[in-house]
Amino acid sequence: MKLLVTGGAGFIGSAVVRLAVTRGHEVVNLDALTYAACLENVAPVADSSLYSFEKADIRDRPALDRIFAAHKPDAVMHLAAESHVDRSIDGPAAFIETNVTGTFNMLEAARSYWESAGRPETFRFHHISTDEVFGTLGATGQFTEETPYAPNSPYSASKAASDHLVRAWHETYGLPVVLTNCSNNYGPYHFPEKLIPVVILNALAGKPLPIYGDGSNVRDWLYVEDHADALLLVLEKGALGRSYNIGGENERSNLELVQTLCDILDEKRPREDGKAYAAQITFVRDRPGHDARYAIDPERIRTELGWRPSVTVEEGLARTVQWYLDNEDWWRPLLNRDGVGKRLGA
Ligand SMILES: NC(=O)c1ccc[n+]([C@@H]2O[C@H](COP(=O)([O-])OP(=O)(O)OC[C@H]3O[C@@H](n4cnc5c(N)ncnc54)[C@H](O)[C@@H]3O)[C@@H](O)[C@H]2O)c1
């Protein structure tokens, strides 16, 4: 299959690109190369004859039309987005422009291409979204595909809006879409402004490990390569117009998560003074509108498509820490990018 992947130089998009090329798909990676992008993320497959790159912005409709016409993809996997909640609090405009208007442009460019090709039923527009569109949970319960949308941050509201557009383009124009809403991802190539890389890299640098509020906020963690595997499965086997929640049933409070990362580091790279990395944990002012708990019910993707994650969160976190220990050449230059290492969205 020939896939047009947007946001393929980002964290999850690059995992999709690497996996898709490895599985023999042709991939066109469309990315504007914002502060969050890194072409090194796709270096393992960049020399493959199956891979090509188009630097383009999804806010630029003529560029999208040109790329569809030039590459004639069988399917779109749309991941390009502004993705950092804290940045959305400080500067929501970019989130509306890319996540809402950009998705609108992608839908219109895809629709125009699909209609001019005779509306092939085999075409797919796969929209990749987040569980944050569902808002927050109390101590119990899980998000299902039927959970009403109740986004609380500018980021999640912009993603919710884009999900609604994708649904409407299916209902109104018949565009063959599938949607997925996934829980928090972690793993290799995670940009060092997100919690897990921040904790690993601050720990190694002897800096405070910042935890928002009291650390009781719960997230449901999924290894990024398991997410990429689920995305390709939904693309190939998902029912038209259907959405699938993706999660690993790995709930951890932020405090538990950071403690686990400290324990792994204590074992793999003990501090020179012999103290535990947990001594660096610091509680900082909470994020406004911070959702208390996310948890995914993955029953639909499990029973209808037979998907299961391949690694436990313990294995995945150990692999991730090891990856950061082994790949300083990747992360060190990213620490100089705009906003990295600063408290945003306070
Ligand atoms: N990170 C998570 O835990 C998570 C969980 C569920 C869903 N998602 C969704 O998955 C997708 C990818 O997330 P990520 O964490 O890999 O994000 P990321 O920030 O690491 O990467 C986003 C990529 O999109 C590109 N991009 C941004 N604006 C663009 C524009 N206007 N035109 C073209 N390219 C643009 C960036 O250059 C970057 O390469 C997003 O849609 C996000 O909402 C993320």
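At-a-glance table
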quantity	calculated
Scope region 287-330; condition crowded, with 19+ Cβ neighbours inside 10 Å and either free of Cβ contacts under 8 Å to residues at least 24 places away in the same chain or assigned to a helix (DSSP H, G or I) (or both); matching residues	R300, I301, V313, G316, L317, T320, V321, Y324
Matching residues in region 5-27 - criterion: being more than 6 Å from the ligand (Cβ to nearest atom), closer than 16 Å to I128 by Cβ and of a type in the set (A, V, I, L, M)	V5, A15, V16, V17, L19, A20, V27
Filter result for G248 (crowded, with 20+ Cβ neighbours inside 10 Å and either touching a strand residue (DSSP E or B) at 6+ places or on another chain (Cβ under 9 Å) or closer than 24 Å to P188 by Cα (or both))	yes
Hits in region 98-130 (condition: surrounded by fewer than 20 Cβ atoms within 10 Å (Cβ to Cβ) and touching a Ser or Thr at 6+ places or on another chain (Cβ under 9 Å))	V100, F104
Filter pass, A37 being of a type in the set (G, A, S), in contact (Cβ under 8 Å) with a residue 24 or more places away in the chain, in contact with a Cys (Cβ under 7 Å, 6 or more places away or on another chain) and part of a loop (DSSP other than H, G, I, E, B)	no
Pick from region 195-215, criterion closer than 14 Å to R271 by Cβ and among the small types (G, A, S), ranking: surrounded by the most Cβ atoms within 10 Å (Cβ to Cβ)	A203
Cross-chain or 6+ apart pairs with Cβ under 7 Å, region 183-212 first and within 17 Å of D86 (Cβ to Cβ), then more than 16 Å from the ligand (Cβ to nearest atom) and of a type in the set (G, A, S)	L209/A203
Single match in E121, E132, E97 (criterion: more than 14 Å from the ligand (Cβ to nearest atom) and acidic (D, E))	E121
Enumeration of residues in region 205-232 that are more than 20 Å from L255 (Cβ to Cβ) and either away from the ligand (no atom under 16 Å from the Cβ) or in a strand (DSSP E or B) (or both)	A205, G206, Y223
Criterion violated by K2 - all others in (1) more than 19 Å from E225 (Cα to Cα); (2) in contact with a Pro (Cβ under 9 Å, 6 or more places away or on another chain); (3) within 14 Å of the ligand (Cβ to nearest atom) satisfied	(3)
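Each reported figure results from applying straightforward, stated rules to the coordinates on display, with no laboratory input. Here the structure is a predicted model, which is why all the values come from computation and not from measurement. In this analysis, Cβ positions are derived from the backbone assuming ideal geometry, glycine residues included, and neighbour counts consider all displayed protein chains.
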